[in-house]
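Here is the structure we will look at.
Only the coordinates and a few stated rules stand behind these numbers; no lab work does. Since the structure is predicted, the reported quantities are computational estimates derived from the model, not experimental observations. Virtual Cβ from ideal backbone geometry, glycine too; neighbours counted across all protein chains shown.
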Amino acid sequence: MEISLAAEKIGEVLGLPISNSMLMTWIAGIMLLILSFAATHKLAMVPRGIQNFFEYLIEYLFNTVDEVIGDREQSKKYFPLLATIFIFIITNNWLGLIPGVGTIGFHEGEKFIPLLRGGNADLNMTIALAITAVLAVQIFGIAAIGLAKNTKKYITFKNPIETFVGFLELVSEVSRMISFAFRLFGNIFAGEVLLAVIAMIVPYLVPLPFFGLELFVGFIQALVFTMLTLVFIKTAITPHGAH
């Protein structure tokens, strides 16, 4: 059994290398587009089936955002990004658990290359998500309180203490990206490796409890990433000293 931390290249499109995790991410995106169309193309006053499921999910997520933000109009501004982050991450997490992901592929010489790999089991993907979240926090902060006030959180020369605190805030922004990226990657990659190892040792009923555990972990990781982004947005849009 071979375990690779990096996603493996499975082909090229117009000279652009395509990895197995990229393919899985595209599948997740296409699947979400299809589900979104199925849920909205015939909207009913009394929702049923997939429309009912998505309306329940959206309502739950919006109420969660609104409880933290505390302003319904403000919540409407930030909800689309937060809902997208949660749904995209949990979809990638759960798709990576489908039987065959990581085990069906081809050989290049003596090396086995899986055709599919969980999108969030690729550090490049989790870093991209982390950068998107942290940049969004800064953009929302600037839009809410202005560029000058937002900058003063990080750069100020009023006195040595505030200068040092501002420097720590700046460092924390970088650490947030690292924490976001490695927490999500580490949990999802470790879970997929665990399932693969157990399936090789005892291939039938024994892996099922662990599969259920990884479904739960995938949900928790998506929720943690989203909630941390939400809390950071709340902090960013609150003027310095008003916390």
Worksheet item: At what distance in nm do the modelled label points of Tyr60 and Ile198 sit from each other, each positioned 7 Å from its Cα along Cα→Cβ?
Response: 2.3 nm
Worksheet item: Could you put Thr163, Thr226 in order, starting from the residue whose Cβ has the fewest other Cβ atoms within 10 Å?
Response: Thr163, Thr226
Discussion item. I need to check one value: relative contact order of the chain, counting alpha carbon pairs closer than 8 Å and at least 6 residues apart, in percent.
Written reply: 23 percent
Item to complete: Compute the distance in nm between two label points, each set 7 Å from the Cα along the Cα-to-Cβ direction, one at Glu162 and one at Ile30.
Response: 5.5 nm
Discussion item. Which residue fluctuates most in the GNM of the chain (Cα springs below 10 Å): Phe189, Phe140, Phe210?
Written reply: Phe210
Item to complete: Return the Cα extents of segment 9-236 along principal axes one, two and three, sorted largest first, each rounded to a whole Å.
Response: 63, 51, 42
Worksheet item: Cα to Cα, under 22 Å, and not fewer than 8 places away if on the same chain: which lysines meet these conditions relative to Lys111?
Response: Lys9
Discussion item. What does the extension gain come out to for Glu67 and Ala6, with contour length at 0.36 nm per residue minus their alpha carbon separation?
Written reply: 18.1 nm
Worksheet item: Using modelled amide H (1.01 Å from N, peptide plane; none on Pro or chain starts), what sits under 5 Å from the amide H of Ser19, excluding residues fewer than 5 places away?
Response: Ile10
Discussion item. Over segment 1-100, what is the relative contact order in percent, taking alpha-carbon pairs closer than 8 angstrom and at least six residues apart?
Written reply: 22 percent
Practice prompt. Could you name the lysines whose alpha carbon sits less than 19 Å from that of Lys234, not counting residues in the same chain fewer than 8 places away?
Written response: Lys76, Lys77, Lys149, Lys152, Lys153
Item to complete: Could you work out how far the C-alpha centroid of segment 125-149 sits from that of segment 150-192, in angstrom?
Response: 12 Å
Worksheet item: Across 5 Å bins from the origin, how do the percents of Cα pairs in segment 59-137 run, short distances first?
Response: 3, 13, 17, 17, 14, 12, 9, 6, 4, 3, 2, 0
